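The values are calculated or read from the model by the stated rules, or taken from the named source; none is laboratory data. It should be emphasised that the depicted structure is a prediction, and the values quoted were computed from it without experimental measurement. Note that each Cβ is placed from the backbone with ideal geometry, even for glycine, and that neighbours are counted across all protein chains shown.
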Amino acid sequence: MAETDIDPPTANDLENELTALINKHSLNPTHTPSPTEGVTVHYEGDGWVWPWDHSTCDDKVRAMQAYHMDIRGWSDIAYNYLGCPHNYCYEGRGYDRRSSANGNEYANSVSFAVQAMWGERAGAKVPDNLKRAVRFGIDLLRSKGGASSKLHGHRDWKSTSCPGDELYEWVKQGCPLPYVAPPTPTIPTTPEECVFTLEELGTVIDQKLQKYTVADNNHDGQVIAWHVAAQAYASKRFAEGADFETVKNEVWNKISPLWS
Ligand SMILES: [Zn+2]
Ligand SMILES: [Zn+2]
């Protein structure tokens, strides 16, 4: 073959070839331009026996990173985020890089990867705090990485048990945040317990009475008497379980006719 049949490679050719090679081996994780398949949830297979101390979680993350980089030859830990069962979310590749955890090229290019730091060896029900941490990572990938609302388990992309039956059920439900019962309101039973609320109430009354006190300072004593009466009345109503808005309105309705 004559020398003239082939053009010598240009710097551009070399760069393109290198880029293709790098992408192929994920040596430099590239941006996921359209994460149309949202986020894929993973777990750690066998994992670790639960419970463990949170102080060991970052070691676990670093061990995964070392495995992915040194043994698998990837450029970084394969996951975008990792959630631990103590409700901490670790950054892996973050929200502007594709993952390399989903099992195939296509899945990695259209879906981010969040790992639940959990596994079969845990021997317990998935803790709510693990779900919270994983969900935090998912929300970040949606708000900052442009992930669609779709969710997958690793097993949707390839034959694997990942992310385990319990987490997979949760994924199919849309990774809902665990239900938290609203706190039982503490109802003050003594005037002392009402201090903050009464101060708040006092501010409202002050505002309402401002016009009156400015107009006639001689009535200051009367205003103070109303304050005392209003606070005594409010204490009684709070002790009965009435809420702030209700008491505020009742007090206002009682005192406003006095000078209108
Ligand atoms: Zn997985
Ligand atoms: Zn932890």
statement: Expected output for segment 166-186 (first residue in a loop (DSSP other than H, G, I, E, B), partner modelled with pLDDT of 90 or more and surrounded by fewer than 12 Cβ atoms within 10 Å (Cβ to Cβ), Cβ below 9 Å, 6+ apart or cross-chain) is G174/S149
- prompt: Condition test on A107, is it part of a helix (DSSP H, G or I), over 23 Å from T36 (Cβ atoms), more than 23 Å from the chain's Cα centre (by Cα) and of a type outside the set (K, R)?
  reply: no
message: It is to be established whether one or more residues within segment 64-83 are away from ligand 1 (no atom under 16 Å from the Cβ), assigned to a helix (DSSP H, G or I) and either under 14 Å from S99 (Cα atoms) or at pLDDT 95 or above (or both).
response: yes
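Rundown of residues vs (1) closer than 19 Å to Y179 by Cβ; (2) without any contact (Cβ under 8 Å) to a residue 40 or more places away in the chain; (3) out of contact with any helix residue (DSSP H, G or I) (no Cβ under 8 Å at 6 or more places or on another chain), yes/no style:
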{"position": "N87", "(1), (2), (3)": "yes, no, no"}
{"position": "Y90", "(1), (2), (3)": "no, yes, no"}
{"position": "Y95", "(1), (2), (3)": "no, no, no"}
{"position": "A101", "(1), (2), (3)": "no, no, no"}
{"position": "E105", "(1), (2), (3)": "no, yes, yes"}
{"position": "S111", "(1), (2), (3)": "no, no, yes"}
{"position": "A122", "(1), (2), (3)": "no, no, yes"}
{"position": "P127", "(1), (2), (3)": "yes, no, yes"}
{"position": "K131", "(1), (2), (3)": "yes, no, no"}
- line: Checked against (1) under 24 Å from P176 (Cβ atoms); (2) among the charged types (D, E, K, R); (3) within 15 Å of ligand 2 (Cβ to nearest atom); (4) touching a residue at least 40 places away in the same chain (Cβ under 8 Å), K60 satisfies every condition except (1)
query: For segment 36-46, what are the residues that are buried (at least 18 other Cβ atoms within 10 Å of the Cβ), within 12 Å of ligand 1 (Cβ to nearest atom) and among the small types (G, A, S)?
result: none
- prompt: within 13 Å of ligand 2 (Cβ to nearest atom) and touching a helix residue (DSSP H, G or I) at 6+ places or on another chain (Cβ under 9 Å) - does that describe any residue in segment 138-156?
  reply: no
field: Residues (within 16 Å of ligand 1 (Cβ to nearest atom) and out of contact with any Cys (no Cβ under 8 Å at 6 or more places or on another chain)) located in segment 111-140
entry: S111, F112, A113, V114, Q115, A116, W118, G119, E120, R121, A122, V126
- line: Over segment 99-118, the set of residues surrounded by fewer than 24 Cβ atoms within 10 Å (Cβ to Cβ) and more than 23 Å from W48 (Cα to Cα) is N104, E105, Y106, A107, N108, S109, V110
message: Whether any residue in segment 117-135 is in a strand (DSSP E or B), more than 30 Å from E240 (Cα to Cα), at pLDDT 95 or above and among the hydrophobic types (A, V, I, L, M, F, W, C) is what I want to check.
response: no
